[in-house]
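Below: the structure, in structure tokens.
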Amino acid sequence: MSLQATTWQTVGPFFRIGCHWLNQDNLVGEGVSGERVTIQGRVMDGDGAPVPDAMIEIWQANAQGRYAHPEDTQSKLLEPGFTGYGRIPTDGDGVFRFTTIKPGPVPGPDRKDQAPHILVSVFMRGLLTRLITRIYFPDDPHNATDYVLNLVEPERRSTLIGKRVAGRPGMLEWNVVLQGPDETVFFELGL
Amino acid sequence: MNRIAGYRPLYPGTQPELLHSPYVSSSKRAPTKPLVRMPFTLSEVTGPSIKPEQVQPKASDLTRQHSGEPIGERIIVSGRVLDENARPMANTLVEIWQANAAGRYHHNVDQHNAPLDPNFTGCGQAVTNERGEYRFVTIRPGEYPWRNHYNAWRAAHIHFSVLGPSFATRLITQMYFPGDQLLPYDPIFNCTADEKARNRLISVFDWETTIPEQALGYRFNLILRGREETPMEEK
């Protein structure tokens with residue numbers, strides 16, 4: 001039997017009433033190991049204006065590089081205090097902020113490990129489907145050989161890499177730019 | 001290690017284009033550069049789940065979240081979450097939100113001058129059972145005006161959000177009602193080229209789930225992307 005996947009529709013302007021109960025901007029539970037990092041950024045539209053009615057969702061592995069999911073059968077340690085899931089709305093200035101740990105490397109499609117990365121879904125009024133993107137970490141030596149980063153034109157890769165914030169150790173800036181010369185790279189799943 | 005089994009490609013035309021000019025908000029928010037196609041990796045075939053105890057049983061009855069009963073026509077909205085291979089998607093989170101019977105959202109941005117209902121917030125959650133079934137009791141939402149174009153009205157709808165078994169299966173959509181005269185004029189409903197795919201967003205009136213002297217039943221199934229067959233282990 002073969003069905004067709006349901007058509008997406010926009011989340012619209014009022015999703016907060018239905019989605020806020022699951023908001024989670026601190027992914028780090030008690031006793032979780034790894035390097036703490038706070039990622040902050042802004043969602044900006046085609047006019048460069050902040051988007052106050054957006055939401056992002058986060059999915060990532062733990063510091064060992066293991067996903068809290070039955071399909072990840074690696075022998076790496078799971079940590080009960082870390083599910084890897086976050087849901088964060090933007091505020092009135094289009095800003096989102098969440099605290100997590102830098103994930104460990106996970107297997108890639110080329111038998112090499114992928115560079116540490118965080119998956120991001122972006123939702124908002126005006127988007128008829130979600131947008132899919134990734135956050136990578138600055139100066140990580142694995143970035144140069146990461147399979148997915150290497151699918152992207154070199155001049156656009158920087159849109160996927162968080163930037164250190166001067167005077168704020170443990171903080172990265174990473175923005176979602178919907179249009180224009182600095183447009184964030186968004187992915188489509190499946191070759 | 002084994003190669004990762006990905007998900008079946010989406011049928012052309014069955015999903016909206018990102019830029020759909022009749023829906024004005026998409027013009028400044030839809031990306032202009034082509035999406036970068038990438039293979040499925042372990043990151044995308046895993047994904048979040050929630051524990052069933054995170055969702056209270058009463059969260060699926062939107063008519064009993066306050067001290068009094070909401071105004072409007074009670075309805076039962078139920079259905080199954082399946083994948084494209086018709087496998088039931090058990091233990092997955094289904095979230096809904098909607099306007100009240102007068103067409104007003106319980107949200108400070110909604111300035112439509114229809115009344116708020118102190119007994120209706122308009123949001124609910126449910127977790128599917130082993131057969132992939134969910135069920136909500138709610139109020140039939142009203143149509144409402146919006147400022148997309150002159151005399152623009154949204155067809156009555158309920159927003160649905162489903163996590164599914166992996167990052168790849170995430171789905172957010174809207175359910176509509178059969179016979180709604182506004183459907184041909186609603187640019188959001190019409191953002192998908194394929195007419196059959198679009199029409200599957202319209203729920204089906206259902207005697208079987210209708211409760212005598214209590215509430216009409218509507219059926220709405222949600223189909224998530226289906227898995228490709230597991231590839232052979234690489235030699």
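What follows draws every value from the coordinates through simple rules; no lab data is involved. These numbers come from a predicted model, not from an experiment. Here the Cβ positions follow ideal geometry from the backbone for every residue, glycine too, while neighbour counts run over all protein chains shown.
If one computes P(r) from the Cα atoms of the protein assembly as shown, what percent of pairs lie at distances over 38 Å?
On the way: 17535 of 90525 pairs.
When every Cα pair of the protein assembly as shown is considered, 19 percent fall beyond 38 Å.
How big is the charge dipole of chain B about its Cα centre, in debye rounded to the nearest 20, if each Lys and Arg gets +1 on its Cβ and each Asp and Glu gets -1 on its Cβ? Display every interim value, and only then the final one.
Working: 26 positive and 25 negative charges, 120 e Å.
Result for chain B is approximately 580 debye, rounded to the nearest 20.
From Cα pairs below 8 angstrom and at least 6 apart in sequence, can you work out the relative contact order of the range B:1-124, rounded to a whole percent? The partial results should precede the final answer.
Details: 104 pairs, mean separation 27.6, N = 124.
Result for the range B:1-124 is 22 percent.
What is the average number of partner chain Cβ atoms found within 10 Å of a Cβ in B:3-16?
On the way: counts 2, 4, 1, 4, 3, 4, 4, 7, 3, 0, 1, 5, 7, 7.
What the average comes to for B:3-16 is 4.
What does DSSP give for the range B:24-224 in terms of the percent of beta bridges that are antiparallel, rounded to the nearest 5? Write out the running numbers ahead of the final one.
Working: 30 of 39 bridges.
The antiparallel fraction comes to roughly 75 percent.
Tell me the chymotrypsin sites (Phe, Trp or Tyr not before Pro) within the range B:108-161 that lie in a loop according to DSSP and have at most 10 other beta-carbon atoms within 10 Å. Walk me through the intermediate numbers first.
Working: sites: B:Phe120, B:Tyr134, B:Phe136, B:Trp146, B:Tyr150, B:Trp153, B:Phe160; in loops: B:Phe120, B:Tyr150.
Here the chymotrypsin sites (Phe, Trp or Tyr not before Pro) that fit, given the DSSP loop and packing criteria, are B:Tyr150.
Among the GluC sites (Glu not before Pro) within the range B:109-151, which fall in a DSSP loop and have no more than 11 other Cβ atoms within 10 Å of their own Cβ? Display every interim value, and only then the final one.
Working: sites: B:Glu130, B:Glu133, B:Glu143; in loops: B:Glu130, B:Glu143.
Sparse-neighbourhood loop GluC sites (Glu not before Pro): B:Glu130.
For Cα pairs less than 8 Å apart in space and 6+ apart in sequence, what is the mean separation divided by the residue count of chain B, i.e. the relative contact order in percent? Each step should come with its number before you reach the end.
Working: 500 pairs, mean separation 67.3, N = 235.
Reported as a whole number, the value is 29 percent.
I need the peptides B:41-48, B:172-179, A:50-57, A:179-186 ranked by packing, meaning the mean over residues of other C-beta atoms within 10 angstrom, with the highest value on top.
On the way: B:41-48: 23.4, B:172-179: 19.5, A:50-57: 21.2, A:179-186: 17.5.
Order by mean packing, descending: B:41-48, A:50-57, B:172-179, A:179-186.
What residues from the range A:1-33 fall in the zone where the backbone N is under 15 Å from a label point 7 Å along the Cα-to-C-beta line of B:Ala152?
A:10-14
Out of the trypsin sites (Lys or Arg not before Pro) in the range A:81-118, which ones are loop residues according to DSSP with at most 15 other C-beta atoms within 10 Å?
A:Arg111, A:Lys112
Below 8 Å, C-alpha to C-alpha, sequence gap of six or more: please give me the relative contact order for chain A in percent. Could the numbers behind the result be given before it?
Details: 403 pairs, mean separation 49.3, N = 191.
Value for chain A: 26 percent.
Could you list which residues have their amide H under 5 Å from that of B:Arg154, counting only those 5 or more apart in sequence or on another chain, with H placed in the peptide plane?
For B:Arg154, whose amide H was placed from the backbone, the distant partners under 5 Å are B:Tyr144, B:Trp146.
List the residues of the range A:73-90 whose backbone N lies under 13 Å from a point placed 7 Å from the Cα of B:Gln54 along the Cα-to-Cβ direction.
A:81-88
Please report, in whole Å, how far the alpha carbons of the range A:1-126 spread along each principal axis, starting with the longest.
Cα spread of the range A:1-126 along its principal axes, largest to smallest: 45, 44, 29 Å.
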